[in-house]
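S.K.: Following this message is one structure expressed as C-alpha cells.
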Amino acid sequence: MNHAQRTARAASAAPIIALMNSRPHAVYGDRLDDAAYVSTLLASFDVDATEAPDAVAELRSLRAALEPAITADDEASVADGWRAVSRFSSDVLFRFQYAADGAPILEHASGGELRARMLTALTQLLESGDWSRIKECANEECKSLFLDDTKNRSQRWHSYETCGNKINAAAHRARRTAANAGSSPEHA
C-alpha cells in the first residue's frame, strides 16, 4: 500500500475514530463537552454545528452504541453493540439513484442529516474492510482508538512517540534495574 492509499484509508476512518476517542478515557473527560471539539467533529461529517441543534445527543448516542462493538472482549457484548447501532439507524432511510453510466448512488432520503452522515461514514468503514483494523492503544493509561494500517496488523500504540516509547522506556528501565539488582554484591 502506498502513502496516498494509507492517507486515504486514515482519512475515511478519522470521523468514526474521532467520535469514539471523544469518550472519557485515560486523562480525557468527555470531549463532547468541549464545543470546539464538537464543531471539529461535526465538520468531519460535513455538518455545520449551527445546523445541528441536537448534535451532541446524536453523537453521544452513536458513540454509546458503537463502543461495545469496538472495545468489548466477548461476542455477546459486540452483538449488543451492533443491535444498538441498528436501533440508532432505524429512523434513517436511504434510496438508490443511478448515474447516467448506471453507477448506483446512495442518497439520504429521510431522517436526521447528521445521523445519516454518521451512518454513511460507518458503513463506508465497514465496507472497506478497515473496521477490523480499528484497535485500542496497548498503553493501559491511554486506550485511544486508532487505525492500524500496518501490513501485518501489528501496531500496538496509537502513537509510538507518545505511548510506545513511554512503555518501552519503562520496560527497559525495569529490566536494567532488575539486572543491576541481580549483579550487586549482596546477591552474589
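The values are calculated or read from the model by the stated rules, or taken from the named source; none is laboratory data. Computed from a predicted model, the values in this text were never measured in an experiment. All Cβ positions, even for glycine, are placed from backbone atoms using ideal geometry, and neighbour counts span all protein chains on display.
S.K.: Specify which of the listed residues (Asp80, Asp101) is loosely packed, with under 13 Cβ neighbours inside 10 Å, free of Cβ contacts under 8 Å to residues at least 60 places away in the same chain and not hydrophobic (A, V, I, L, M, F, W, C).
M.R.: Values: Asp80 fails: loosely packed, with under 13 Cβ neighbours inside 10 Å.
The unique qualifying residue is Asp101.
S.K.: Considering each of Val27, Val38 in turn, give the residue that is among the β-branched types (Val, Ile, Thr), modelled with pLDDT under 90 and closer than 28 Å to Asn139 by Cβ. Show your work before the answer.
M.R.: Details: Val38 fails: modelled with pLDDT under 90.
Criteria check complete, one pass: Val27.
S.K.: Continuing with the same structure: Could you please let me know if Ala10 is within 28 Å of Arg153 (Cβ to Cβ), assigned to a helix (DSSP H, G or I) and in contact with an Asp or Glu (Cβ under 8 Å, 6 or more places away or on another chain)? If you could, list the steps in order and put the result at the bottom.
M.R.: Numbers: within 28 Å of Arg153 (Cβ to Cβ): yes; assigned to a helix (DSSP H, G or I): yes; in contact with an Asp or Glu (Cβ under 8 Å, 6 or more places away or on another chain): yes.
When the stated conditions are applied, Ala10 passes them.
S.K.: Right, another one. Return the pairs, sorted by first residue and then second, in which the second residue is part of a helix (DSSP H, G or I) and small (Gly, Ala, Ser), the first residue lies in region 1-16 and is under 17 Å from Thr123 (Cβ atoms), the beta carbons are less than 6 Å apart, and the residues are 6+ apart or on different chains.
M.R.: Short answer, once both residue conditions are applied: Pro15/Ser44; Pro15/Ala121; Ile16/Ala121.
S.K.: Quick test for you: out of Lys135, Lys143, pick the one residue that is at pLDDT below 90, surrounded by 12 or more Cβ atoms within 10 Å (Cβ to Cβ) and over 28 Å from Asn2 (Cβ atoms).
M.R.: Values: Lys135 fails: over 28 Å from Asn2 (Cβ atoms).
Answer to the selection: Lys143.
S.K.: Can you confirm whether Ser89 is within 23 Å of Ser12 (Cα to Cα) and surrounded by 13 or more Cβ atoms within 10 Å (Cβ to Cβ)? Full working, then the answer.
M.R.: Working: within 23 Å of Ser12 (Cα to Cα): yes; surrounded by 13 or more Cβ atoms within 10 Å (Cβ to Cβ): yes.
Against the criterion (within 23 Å of Ser12 (Cα to Cα) and surrounded by 13 or more Cβ atoms within 10 Å (Cβ to Cβ)), Ser89 qualifies.
S.K.: Would you mind stating whether Phe45 is surrounded by 13 or more Cβ atoms within 10 Å (Cβ to Cβ), over 30 Å from Lys151 (Cβ atoms) and either touching a His at 6+ places or on another chain (Cβ under 8 Å) or aromatic (Phe, Trp, Tyr) (or both)?
M.R.: Working: surrounded by 13 or more Cβ atoms within 10 Å (Cβ to Cβ): yes; over 30 Å from Lys151 (Cβ atoms): no; either touching a His at 6+ places or on another chain (Cβ under 8 Å) or aromatic (Phe, Trp, Tyr) (or both): yes.
Against the criterion (surrounded by 13 or more Cβ atoms within 10 Å (Cβ to Cβ), over 30 Å from Lys151 (Cβ atoms) and either touching a His at 6+ places or on another chain (Cβ under 8 Å) or aromatic (Phe, Trp, Tyr) (or both)), Phe45 does not qualify.
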